[in-house]
Every structure is written in C-alpha cells, then in structure tokens.
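Okay, so here's the structure we're looking at.
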Amino acid sequence: MIMTENNSHHPPLSHEPQLTPVGEKSLPAKCKANTLKYCPTMDLISLVTEDDELRVFRLNGQRVFGGSFKGDPYLDDDGGGGEIRKLMWKNNGHLLAVACADNTIRIVSAYSGKTVHHYPAYQVQRDGDRSVRVTCLGWGVNFTDSKAAQRHLEEATGQISVEDLLSPDVHPSKAAALLKADLPRELALLDVESSLPKLSTLPATGSDDDVFSSRASIDAIFHSAIKNTSDAVDVLLIGFDDGTVHLRIFDCFEIGSFQVGSSVGPSNSCKILHHASHPLSSTHALLASSHSEKDPGSLNLLTLDLRFITRSGRYLSLLAHKTTQLQNLLRYINQVQRQIELEWKNAQELPARYMRSINEDLQDKCHCDFVTAAYHLVVTGDCFEPMKEFLVEIVGERGHKRWEKAVSSGYETVRRLTHECLLPALERCEVLLSRLIGLSKFHKICGVLGLETSDLNAIVETLDCLHLLAHHILINTNEELSQFNSFSRWLRHEIDMQSAEPMSQTLEELQEKTDLVEYPQTLKYIRGALTKSKLRDFIQQLPLTGFARPAPNTSDRWVPSGHDSSFYDTFKKLLEHNNQASDAEAPAELPKMNDLTKRLRLQFEKVFGQIASTQRRGILHRSPLAFHSDCDKEIVDLAMLYENVEEQSLCVIYVATRSVQSKHLLYIYRIVLDCENGVSSTRKTAIGAIDLQEGEIRQVQIVEDNTIMLLWSNNQGSSYLLNFPFQPASPSETPGSVDSARFIHFEDYDCGVTSPTPLATAVTLDFFTPESESIQWIKHAFTVPGPKLKPTRIYVNGRHDRRAICVLYGDGLRYEVLDLDAEMEDGEEEEEGEEEESE
C-alpha cells in the first residue's frame with residue numbers, strides 16, 4: 001500500500017517540450033467536453049456545442065457538415081429529444097454515430113453529412129416511468145474467425161497488422177502478396193449482387209433521412225466497392241444508466257437490448273460508463289458503476305461474451321450483410337411506394353378541381369355531369385352552353401397546358417418509378433432472399449443463424465405479388481396515358497373550335513382536322529380513366545386538396561396470419577376476376593401497393609426478430625472484478641489488447657484510473673482472460689501504480705499505440721501531457737531498469753483484502769530533477785497561463801500515420817490539434833533512464 005504526501009515545494013519542470021500545432025479553431029458556442037472526438041482515418045474533428053449543434057471540422061477549421069436534430073422551437077416541436085449525448089466514429093472513419101436524448105441513434109455519413117440510419121435504441125417499458133439516459137457509446141469490430149486471423153498475422157511475420165486484415169482493400173497488393181489465397185472460401189462467398197444493375201435515385205423528399213436522392217448516397221448504401229462478405233463484423237454498443245445494453249451489428253442490424261446490471265447488483269442501479277473491444281476477441285469489456293444505497297459509487301468491470309460471432313463464423317457477416325441490405329431495400333421500396341402515391345395524387349388533383357368547378361353548373365342547367373357532357377360532345381358534336389363557357393373561359397389554352405402537363409407527367413413519373421425503381425428493387429430483394437433461403441436449408445448453420453425457410457418463402461410470395469402488381473400498374477399506366485393523349489388532343493381541338501368565330505376560316509380549318517381526332521381512345525378515357533382509373537385498384541388514394549378525405553383503410557385483411565395457404569395464388573385469382581368482371585359488376589377488393597409493402601414489412605420484421613433473438617441468446621455477461629473504492633470513476637479509461645502470456649496469445653484488459661485520495665496517483669489494473677469457444681474466464685488479475693508526486697491527474701486515455709496519455713497539472717497550475725507505455729516487462733527484462741521502456745511493476749491483486757487503498761507497488765516518476773530519466777515521458781507543456789487557455793479535455797488518435805491529439809481549452813470555445821510525432825524544439829532525444837520506484 002503506497003501513500004505519497006503532496007509536496008508543493010518542487011522546482012519547475014526542467015524539460016518542457018512543445019508539440020507542433022497543426023490546426024486550431026475558435027467555436028461559435030461552448031463545446032460539450034465529453035463529445036470531442038477525432039476521426040480514426042481522416043483528419044476530421046467532431047464535437048457538439050452546448051446549443052446541441054453537431055459540428056465536424058477539418059484541420060484548417062473548415063466546417064464539413066453538421067446540424068441540429070431538434071425540432072422547430074417555434075412550433076413546440078422540440079421536447080428536448082434532439083439533445084446530443086454521445087458521439088462515436090466507426091473504426092474505418094466512414095460513419096459517425098450520434099446518440100440523442102430521445103434514446104435514438106443516428107448514423108451519419110462522413111462523406112455526405114446525411115443521416116443514413118435512424119433507429120430507437122431503448123424500448124420504454126409500460127410500467128417504468130423513470131427516464132433513462134445514454135451514458136456509453138462504443139463501436140468495435142471483431143473477426144468472425146479470430147484463430148484464422150491470428151494465423152495470418154503469424155505467417156506474415158509482422159509485415160501486416162490487424163488494420164491491414166480489417167481493410168484489405170486499402171492496400172490490396174500488400175494483402176494479396178502476404179495472405180494466402182483461399183479458393184473454397186472465395187467460391188462459398190461468390191455473389192452475383194455486384195453484377196446487378198444499380199438502383200436509380202429517387203426524387204428528394206426534403207426529410208432528414210432522405211438518403212436515396214443522390215447517386216453517391218445510394219452507391220454507398222447498396223453498391224459499396226468494399227468487399228461485403230468480409231471476415232469481420234462491426235458491433236455498435238449503446239449503454240444506459242439503468243444497466244441496459246443495446247447491440248447493433250453492421251451499422252443497423254438489431255441484435256436487441258438486454259440487462260447486464262444483474263452481474264453487479266440491482267439491475268436498475270448500474271450505469272454503463274466505458275466500452276472496449278479488440279478485433280481478435282469476441283469478448284467486449286464494459287466499465288459500470290453501481291449506485292446502490294449500500295455502495296454509492298463502486299466501479300465494476302463487466303465482460304460480454306458475444307458467442308454468436310464465434311458460433312456463426314463467416315456466415316454471420318454474410319447473414320448480417322444480406323439482412324442489412326434487405327432492410328435498406330425495404331426502406332427504398334417504401335419510399336418508392338409513397339412517391340408513386342404522391343405522383344398519382346398530383347396527376348388527379350388539377351382535373352378534379354376543373355371538373356368540380358363545372359359539375360354544379362351542368363347539374364343545374366343540363367342535369368348531367370362533366371363526363372356525360374364531354375361524351376355527348378364527342379359523339380354528337382353538340383356543346384352544352386355551360387360546357388362551352390367552361391372550355392373557353394375557365395380552361396382555355398393556358399389551362400389545357402396545365403392539365404396536360406399535370407396528368408401526362410404524373411402518368412410518366414408513375415411509370416418511371418415503377419419500371420426503373422420498384423421492379424429493380426424487387427428483383428434485388430429476391431436475389432438476396434435466395435441466398436438466405438440457401439443458408440436456411442444448410443442444416444449445420446440454420447439453427448445458429450435463426451433462419452426459417454417457410455418464413456423466407458412467404459416473403460418471396462409477397463414479392464411475387466408486388467412484381468405482378470407492378471406489371472399491372474405499367475400495363476394500365478401505358479394504356480391510360482395513350483388514352484389521355486388522345487383526350488388531350490381532342491380537348492385542345494374543342495377549345496379552339498368553341499373559341500373560333502362562326503363562319504370564320506379558322507373554324508373551317510379546324511373542322512377539316514376533326515377527322516384526325518382518335519374518337520375511340522378519347523371515349524374510353526372519358527368513360528373510364530377520367531374519373532375511374534384502374535390504377536385506383538393498385539395505388540392508395542391520398543386525400544386531394546379541397547376534397548373530403550377518403551375513409552382510412554384500417555383493415556388487417558392482408559396482414560400475414562401464418563395460415564396463408566398460398567397468398568400469391570389468392571392474389572392472382574383476384575386479379576383475374578377483376579380483369580374478367582364487367583363494368584356493372586362490383587370489383588373484388590384487391591390488396592393495394594401499400595397493403596403489400598405493409599405485409600412485406602411485417603414479414604421482414606418477423607424474420608429479423610427471429611435472427612436477433614437467436615443471436616441474443618448467445619450472449620453471456622459477468623463481472624470478473626469489482627475495483628477498489630479508491631478508484632475514481634470519473635477519471636478512468638480501459639482498453640483490450642492481445643499479448644503473449646505464458647507462451648499463449650491471450651486477451652488482456654487494462655483499466656487505468658486515478659486515486660480518489662491522492663489525485664497524483666494512477667492505478668493500472670491488468671486482467672488476463674482465457675477464452676474457450678467464445679466463453680471468457682479470468683486467468684489472472686494484477687495491479688500496478690504510477691506516482692507523479694504532486695499535482696492532479698485530470699484525464700487519462702489509453703491510446704491505440706499501447707501507451708497511456710495523461711493530462712496532468714502540477715501544484716503551480718501548469719498543465720502537461722504525459723505519455724508512457726503501460727504493458728509489463730517481458731520475463732527477460734527487469735521492470736524499472738534503464739534499458740527497459742516498460743517500467744511498470746504489476747503484482748497479483750486480491751480484491752478480498754480490505755485496505756484504504758489498493759495494495760500496489762507504485763513507480764515514482766520524477767519530473768523535477770534534470771538528470772531524471774522520467775522527463776522523457778513529458779510529451780507537451782502548456783506554457784501559456786490563464787484560465788481560458790487551461791486545457792480541460794484531450795482526445796488522442798494513436799493510429800499509425802495519424803497520431804494526433806485534440807485539446808479543448810478552458811472556456812470550451814477553442815480547440816487545438818497537436819502532432820504527436822513532431823516536437824517544435826530541436827535537439828537530440830535524451831537517452832532512456834532508470835526510473836525510481838517508491839516503496
């Protein structure tokens with residue numbers, strides 16, 4: 001047990017290096033300190049200001065994208081749900097996850113700045129009135145076959161890294177040269193999806209989740225060049241302050257929510273704080289604090305064994321990719337359906353207004369409506385007086401152009417959306433489903449994946465019905481458009497005829513052109529499609545402006561019941577009956593496009609729910625360690641590494657936390673895990689300590705390059721960045737020796753021993769003696785005084801070739817980016833020295 005007295009009489013530090021600043025930015029509003037994040041692969045800094053504006057900047061301060069997710073405060077549409085609580089970048093830097101106060105997650109594209117996914121992460125319980133908060137957002141990636149990945153790394157003898165395996169497309173020649181070809185795997189993952197035609201863009205809707213209106217966005221969602229059937233799965237984890245954890249894989253595929261708080265005490269008293277994972281391990285680590293009455297602030301380590309990753313193997317990425325694509329296609333089909341309904345409504349609106357304006361006059365004077373009067377005019381050439389006034393005064397040349405444009409463009413857009421958007425999306429759905437049906441028939445894996453062949457076949461039937469319906473829409477649209485074009489030419493001819501002076505030459509010329517009118521097509525349109533279009537049987541009628549709203553269709557007749565003998569055969573018979581029925585007969589009620597898409601959505605939800613439920617049953621959680629009460633849960637970080645332990649490559653969890661009693665003391669816990677068939681167990685727990693002698697450790701971060709970065713201020717108030725390795729020395733090295741960069745001494749930790757502070761041997765770092773070897777760990781000195789320029793938060797990106805640190809200063813209105821690999825001062829590096837060990 002080490003207790004070090006605070007010494008305020010040390011001289012100033014003799015070594016004050018300066019890192020090279022590569023960017024800075026003054027912010028228009030204060031930044032929320034815990035939202036400062038640096039993109040892993042691009043030089044982008046993301047943050048959230050106190051007015052809940054998401055802002056993403058380049059190093060030069062240029063704004064890339066951002067915005068607010070709150071509603072309109074003038075319409076009382078806010079409600080606080082748009083408050084941003086957490087940010088997290090995906091490991092490849094392509095996407096940014098944003099957690100809001102309404103417990104929904106938005107996945108924002110780093111390239112377009114648009115929301116590509118938006119989904120709830122917490123299901124409110126009926127009996128629970130306590131509002132929960134997102135307290136942790138983690139995004140990791142795991143190999144589905146970690147043993148194969150380790151074998152690749154060993155065979156490459158250090159020439160490739162884990163990052164190269166995760167993204168082989170970044171350096172394909174390097175990966176191809178060092179990784180052995182695997183023909184059986186390539187044949188098993190052979191896919192025709194990339195050979196399918198690209199999906200067309202949809203008209204912009206102006207909504208926040210409008211992701212199908214640009215070519216770049218559609219290509220990123222459906223036609224990504226990255227190999228989709230990779231051997232890795234990314235896991236998005238959302239933790240709440242009631243011990244609930246929500247998991248998603250492949251950006252949006254839901255695994256579901258479950259409680260982990262029971263591992264540390266009462267489930268609703270557990271607050272998830274931090275998350276860590278490693279690509280080679282399917283076990284994820286969480287830090288959680290329990291706030292029960294007996295123990296108001298204990299800190300616990302939790303492990304989640306995601307066994308579905310190891311059980312499903314390479315098929316998990318295939319399954320998740322296909323189901324994610326199906327989810328996106330379902331969104332695409334739903335948007336196409338809504339767009340077709342909107343275009344169809346727009347095509348009817350203007351003619352309906354015109355006919356309503358004349359129908360009342362015709363009823364009063366001629367006891368007929370517009371359809372009868374128009375039919376009478378075509379057949380006899382006799383124009384009723386109200387009809388003549390309508391054609392000449394109300395419609396006229398300008399009104400006819402508007403009428404023609406509205407209807408013809410409406411029909412053409414419905415035809416284009418059906419032919420170019422709906423049908424290709426349905427075909428792509430069936431290709432994806434054929435792969436899932438194949439997996440469901442593979443007896444070795446179907447139970448592990450949670451696929452049922454009968455459910456997938458039912459979805460195929462619904463898609464077949466949509467195919468058939470889409471072709472009927474095309475046939476009737478072409479027919480009615482042809483009829484309308486004939487009607488439009490006749491209408492223009494009649495407008496000119498009725499406008500011409502009697503006995504004039506113009507009238508004679510127009511009468512000579514009468515023979516050019518296509519009367520059969522015109523009469524068909526007036527009697528049918530003008531007011532009773534066949535498209536009404538297939539497309540839902542939206543309310544027209546100025547007209548009574550149609551009665552909402554609340555029937556659940558077409559909802560899947562589980563007892564449908566053959567839905568496709570039933571639908572086909574209904575279509576045939578309608579086609580053969582005469583005009584006098586009442587047509588049979590057909591499922592419209594919205595009914596079929598609703599049915600499709602419910603069927604997909606059932607399949608996705610079964611998959612998620614099956615995977616969720618494979619998750620185990622436990623609490624291998626309760627930390628000492630002297631560990632500060634506010635100044636803490638954790639990481640997972642793979643190390644050689646006793647000639648075995650094992651997963652090791654490191655937790656670095658500040659002492660509550662001595663704020664210059666840092667504890668480092670080391671937990672070694674054994675893992676068998678995806679189930680982890682604790683092999684060994686050890687503890688080490690670092691004593692800085694004075695001052696206060698204000699933040700700790702474990703960096704990707706296997707070092708710890710500390711934000712530390714001494715007794716004089718000066719702030720420094722300290723950076724040093726934390727892994728134990730190898731057996732051939734002596735901890736703390738001059739020739740060892742790994743100087744921390746770890747001892748076995750027994751959590752059952754009661755003491756005021758953890759039992760650990762602390763290594764003292766001496767920054768006040770010029771000859772001390774400890775000064776090599778000082779990375780940067782903040783020399784400018786003043787509370788506004790005092791660093792309050794740091795975020796380090798320790799990835800190779802992109803090592804940088806973002807520093808937020810005291811007033812929250814300015815940040816600076818420092819290059820970790822470049823010091824401003826010249827001079828040779830000092831030799832490594834021997835560290836003093838305190839006793």
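The values are calculated or read from the model by the stated rules, or taken from the named source; none is laboratory data. Quick caveat: nothing in here was measured; it's all calculated off a predicted structure. Heads up, the Cβs are rebuilt from the backbone with ideal geometry, glycines too, and the neighbour counts pull from every protein chain shown.
Any idea how many residues of region 33-68 are basic (Lys, Arg) and either in contact (Cβ under 8 Å) with a residue 40 or more places away in the chain or not assigned by TED's automatic domain parsing to the domain that holds residue 110 (or both)?
So the answer is 1.
Scan 356, 307 and give me the residue that is more than 30 Å from residue 447 (Cβ to Cβ) and among the basic types (Lys, Arg).
356
I'd like to know if region 391-399 contains one or more residues that are touching an Asp or Glu at 6+ places or on another chain (Cβ under 9 Å) and free of Cβ contacts under 8 Å to residues at least 40 places away in the same chain. I'd like the intermediate steps shown before the answer.
Within region 391-399, the first condition is being touching an Asp or Glu at 6+ places or on another chain (Cβ under 9 Å), and the residues that meet it are 391, 397.
Within this subset, residues satisfying the condition of being free of Cβ contacts under 8 Å to residues at least 40 places away in the same chain are none.
The answer is no; no qualifying residue exists.
Could you go through region 320-343 and let me know if any residue there is more than 20 Å from the chain's Cα centre (by Cα) and closer than 30 Å to residue 656 by Cβ.
no
Can you tell me which condition residue 812 does not meet? The list is (1) within 43 Å of the chain's Cα centre (by Cα); (2) modelled with pLDDT under 85; (3) part of a loop (DSSP other than H, G, I, E, B), and all the others hold.
Every condition holds for residue 812 apart from (2).
Inspect all residues belonging to region 47-58 and state whether any of them is assigned to a loop (DSSP other than H, G, I, E, B), in contact with a Leu (Cβ under 9 Å, 6 or more places away or on another chain) and not aromatic (Phe, Trp, Tyr).
No: zero hits.
Every residue, every condition in (1) of a type in the set (D, E, K, R); (2) more than 31 Å from the chain's Cα centre (by Cα), yes or no:
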site: 285; (1), (2): no, no
site: 307; (1), (2): yes, no
site: 314; (1), (2): yes, no
site: 350; (1), (2): no, yes
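Quick check, is residue 736 outside any strand (DSSP E or B), modelled with pLDDT under 85 and not assigned by TED's automatic domain parsing to the domain that holds residue 50? Lay out the reasoning, then the answer.
Details: outside any strand (DSSP E or B): yes; modelled with pLDDT under 85: yes; not assigned by TED's automatic domain parsing to the domain that holds residue 50: no.
Taking the combined requirement at face value, the residue does not satisfy it.
Name the helices (runs of 4 or more DSSP H) wholly within region 347-441 that hold at least 2 residues that are under 23 Å from residue 534 (Cα atoms)?
Output list reads 370-380, 396-416, 423-440.
With 678, 609 as the choices, which residue is free of Cβ contacts under 8 Å to residues at least 60 places away in the same chain, within 31 Å of the chain's Cα centre (by Cα) and within 21 Å of residue 313 (Cα to Cα)?
Sole residue among the options that is free of Cβ contacts under 8 Å to residues at least 60 places away in the same chain, within 31 Å of the chain's Cα centre (by Cα) and within 21 Å of residue 313 (Cα to Cα): 609.
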